[in-house]
Structures are given as C-alpha cells and as structure tokens.
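This report concerns only the one structure given below.
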Amino acid sequence: MATTITPLTAQEADTIVAAANHAAEAAGVAVSVAVLDAGGQLLAFRRNEQALLVSGETSRAKAYTSVQLSTPTADLAGAVTPGAPFHTLQTALDRPLIFIAGGIPLFRDGRVIGAVGVGGGSPEQDHDFATAGAGTLA
C-alpha cells in the first residue's frame, strides 16, 4: 500500500524563503529565492530589491531543475558536459533547466516534495543559502 506524503505547505515555503534570505543577508549578498512544489509550481518567492533581475529567473530555474531531477544542481554541473548523460537535456525540454549550483530538492519521508532555488550570489553562495533554507524543513 502506498504511503501518503504530506505535500509542501505554503507556510513551510515561506519559512524556507525567509531562512535562505536571512543567510544571504548575513553574508551581505542580495538574492532571489524561489520555492516550488513537487509539480514544479511556485509556492513562494522573494527578490531582494538590490538583487539583479535575472536572479529571479535563475532562482526558479534552479529550483525547477532540482525538483525534476531530485538532485542538488551543484551535483549536476558535470552531467551536461559533452559526452555526459545530460549533455542535450538543457535543450530537449520546453521549460529551461539550469545546471548551476543553488537548487536543492526538498524531501519528506524519502520523497521529493519540492525544491528551493537561490540566485544572485556566486554558485557556491547560492548553494549554501539554499541549503540553509532547506534545513528548516522538519
């Protein structure tokens, strides 16, 4: 019998966004943070008014990539190099995937329930900020 997994809630998504933003602000970095549900739909979003506009797009794309592949985007960068398993995946789909660190899948009871994506800092910073946000999920 299949186990029912509680979906990611809007309140949890807001908490994740707040934690990721707090980590970025503490580091002095202006970012955008997006949280998507398991179906890739936006649950929560915030762009620091000082963050580059493109960071809004990259934060959503990082979260989308992470939820679709159930993997942190930091672990996928090598998978799109020539000859690698996902080399053509970036152009094979209608919706863009991005293979830059900053997307973290969110799990509950071993199943993906969503993802958080951060854009605006360096890839390593975005990964750390997204991890801080994901760490609030109980």
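Numerical summary
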{"item": "The one condition in (1) modelled with pLDDT under 95; (2) surrounded by fewer than 22 Cβ atoms within 10 Å (Cβ to Cβ) that residue 76 fails to fulfil", "result": "(2)"}
{"item": "Members of region 5-14 found to be more than 13 Å from residue 117 (Cβ to Cβ), touching a strand residue (DSSP E or B) at 6+ places or on another chain (Cβ under 7 Å) and surrounded by 13 or more Cβ atoms within 10 Å (Cβ to Cβ), listed by number", "result": "5, 7, 8, 14"}
{"item": "Strands (runs of 3 or more DSSP E) contained in region 1-115 and holding at least 1 residues touching a residue at least 60 places away in the same chain (Cβ under 8 Å), closer than 18 Å to residue 131 by Cα and of a type in the set (Ser, Thr, Tyr)", "result": "32-37"}
{"item": "Residues (under 11 Å from residue 31 (Cβ atoms) and not polar (S, T, N, Q)) located in region 104-127", "result": "117, 118, 119, 120, 121, 126"}
{"item": "Unique match (being under 12 Å from residue 114 (Cβ atoms) and of a type in the set (Val, Ile, Thr)) among 31, 35", "result": "35"}
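Rundown of residues vs (1) buried (at least 22 other Cβ atoms within 10 Å of the Cβ); (2) within 13 Å of residue 113 (Cβ to Cβ); (3) touching a Leu at 6+ places or on another chain (Cβ under 8 Å), yes/no style:
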| position | (1), (2), (3) |
| --- | --- |
| 16 | yes, yes, yes |
| 20 | yes, no, no |
| 26 | no, no, no |
| 42 | no, no, yes |
| 49 | no, no, no |
| 58 | yes, no, no |
| 61 | yes, no, yes |
| 67 | yes, yes, yes |
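The values are calculated or read from the model by the stated rules, or taken from the named source; none is laboratory data. Everything numeric here is computed off the predicted structure, so don't read it as measured data. Cβ: placed from backbone, ideal geometry, glycine included. Neighbour counts: every protein chain shown.
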